[in-house]
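Please treat every number below as a calculation from the coordinates, not as lab data. These numbers were taken from a predicted model, which means no experiment stands behind them. Quick reminder, even Gly has a Cβ in these numbers, built from the backbone with ideal geometry, and neighbours come from all protein chains shown.
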Amino acid sequence: MSSRKKSKKGSKKEKNAYVNNLDESNNKDNSNTNLQKSTINSLPTLDYIKVTVQKEVQQGLLKVAREKPSNPIEYLGKYLIGEAKKKYNK
């Protein structure tokens, strides 16, 4: 029974290392273009979010918390659109 738990931990560690490697390569040139689309699309949902949008969404939410705009959803939306333009329209 303990070997089964070790197996799960091992696979989780491997998965985390894989996602971290994807995330690091993504951050090196600030673009997902270096990652194969099929690789990204095959990730589990939370890993996909981590690799593709987590950083930008977190930064946007921090900005909303600091600025406290009257329309926070619109503010966050505009921030994310701006980040997308920087990231994908080089």
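Data table
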item: Cα principal axis extents for region 46-90, largest first, Å; result: 30, 26, 13
item: Estimated inter-spin distance, L80 and S42, nm [label 7 Å along Cα→Cβ]; result: 2.7 nm
